[in-house]
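Before any comments, here is the structure.
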Amino acid sequence: MKGGISVGWLAGRRPWAALAFVVLATAVPFLLASASTSATGGEIYARPAYYGYVCVPDPHAAVFNGAVHTQCSQGKSAVPSIVPMAELAYAAFSACALVMLAPLMPTWERLNLARVRWRALAAGTGVLMLPFLLNLLLTIPSSRGDSASAQSLLRLAVCNGLVDASSVMLGIASLGRFYGLGLGAGLAVINIASQSMQVGMGMSLRLYPEDVRPPVPGQGTWPAIATVLTVFAVILWTVTGGRGMIMDKK
């Protein structure tokens, strides 16, 4: 209907561009994970976008602290903390899709906000969950064996990428498409940079390879924390219609 909610809501956004970024968020991480592991013989830590380390408790660390584990204090060992290119692509394309779904003229929707919230819910959930679920389907063969396979790398990339994308959604739903994008990206970076502190608290908002040694504490809490973050981001996105809370005060 001309002037109706359906046309008006879409007219204030770029749905086809958002759909294109969702497709890219689904396809590109799989291609990058496959290419990376093929080129490196299945090495999961090769050619990351970011490479760091996290110090985790290790009862055998004292034997090695004088050799290769000097970056960690006594009784701890370093575990690689990486951001693979597949995760970076997943998070970046998901963020672009969310920006495309944030309204170009947010103040225009004030009178219709209550009626467009269900559309914001559907669109926001689709942007977060479609690439995540489709990529997870591609990781099913990894249940047969090698954790350094492309499927295992893809699983880590999309699980951690979902947290990154949820952080961006939370930022945009809070401060709008411009400032919110910066806030969301900042939250994702803080999550990566604070891994040692999180591990010290017995939790972690990032997944690590299952065969990493010593094991990273708090991996069992990841599903619950990630679910809470994602649901909260979707709820806030729905309540604000993707506009940002600061727009409600204008």
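Since every read-out is calculated from the coordinates, none of them should be taken as a lab result. Since the model is a prediction, treat every value here as computed from it, not as a measurement. Note: ideal-geometry Cβ built from the backbone for every residue, glycine included; neighbour counts use all protein chains shown.
Side notes on the structure shown:
- What the Cβ-Cβ distance of Gln71 and Ala122 gives, at R0 = 51 Å and to the nearest 0.05, is a FRET efficiency of 0.65.
- Each peptide among 210-223, 118-131, 150-163 gets the average number of other Cβ atoms lying within 10 Å of its residues, and from highest to lowest they stand as 150-163, 118-131, 210-223.
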